[in-house]
Amino acid sequence: MISQLSLKKRVVFALSVFLLIGQPLSAKKYELSGLVVGTDGEPVKKAQVSIVVDGKTKKDKTNRKGIFKFKRIPEGEYTINVSHEEQGMADLPVILTEDKDVGEIPLSAKSAPVTVATKTEVEPKETKPEDTMVPKTKSAAGGASSDFILNELNFEIKKLTAEFKHLSREMDDLKALSKMWINPLTIYSKE
């Protein structure tokens with residue numbers, strides 16, 4: 001009687017351990033990758049890329065070609081956060097249902113840090129005319145530099161192009177999913 005009871009306990013224990021450990025092992029994990037580009041459209045190396053998975057932040061840095069890759073990410077919705085000290089930052093929402101390459105992620109120009117003005121007593125400093133530097137652009141007269149405007153427009157065009165590529169991939173995924181939803185047997189047909 002004692003051996004039968006202990007045998008039942010062992011079987012129940014083994015099954016419960018199998019069920020508890022087996023479920024996370026069977027959950028599908030995917031790869032998430034992409035290319036980080038700067039405002040000039042060139043790949044950005046050593047950019048910090050992070051996502052939050054199950055309450056924990058996973059971090060990666062882009063390689064010399066601007067590519068990052070996260071492995072073993074469970075299915076779900078994520079936001080890819082990218083930052084680079086000199087190039088700026090970007091955020092990209094992603095729905096992960098399979099291995100996914102999100103394509104190019106363009107960084108936006110870094111915003112200026114917030115400064116707080118305080119009143120301090122400072123003596124005026126004499127400056128010599130040769131010490132004073134005046135920029136040779138239209139911005140010195142109050143207008144924006146044409147180079148700056150062109151760079152901003154090029155950046156916006158590249159950002160919109162990357163977003164269009166991303167949306168077209170998402171649209172293709174949705175089309176494939178809708179075909180499967182309409183007739184799920186088309187996947188398994190032997191034609």
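A few comments on the model shown:
- In the range 62-97, the residues that are loosely packed, with under 13 Cβ neighbours inside 10 Å, part of a strand (DSSP E or B) and on the phi < 0 side of the Ramachandran plot: Lys71, Glu77, Thr79, Asp91, Pro93, Ile95
- Candidates Glu152, Glu163, Glu156 - the one that is closer than 17 Å to Ala90 by Cα and modelled with pLDDT under 75: Glu152
- A single member of Gly55, Gly103 is more than 15 Å from Glu31 (Cα to Cα) and not hydroxyl-bearing (Ser, Thr, Tyr), and it is Gly55.
- Test for Glu130: is it exposed (fewer than 10 other Cβ atoms within 10 Å of the Cβ), modelled with pLDDT of 50 or more, in contact with a strand residue (DSSP E or B) (Cβ under 8 Å, 6 or more places away or on another chain) and not small (Gly, Ala, Ser): no
The values are calculated or read from the model by the stated rules, or taken from the named source; none is laboratory data. Since the model is a prediction, treat every value here as computed from it, not as a measurement. Backbone-built Cβ (ideal geometry, glycine too); neighbour counts: all protein chains shown.
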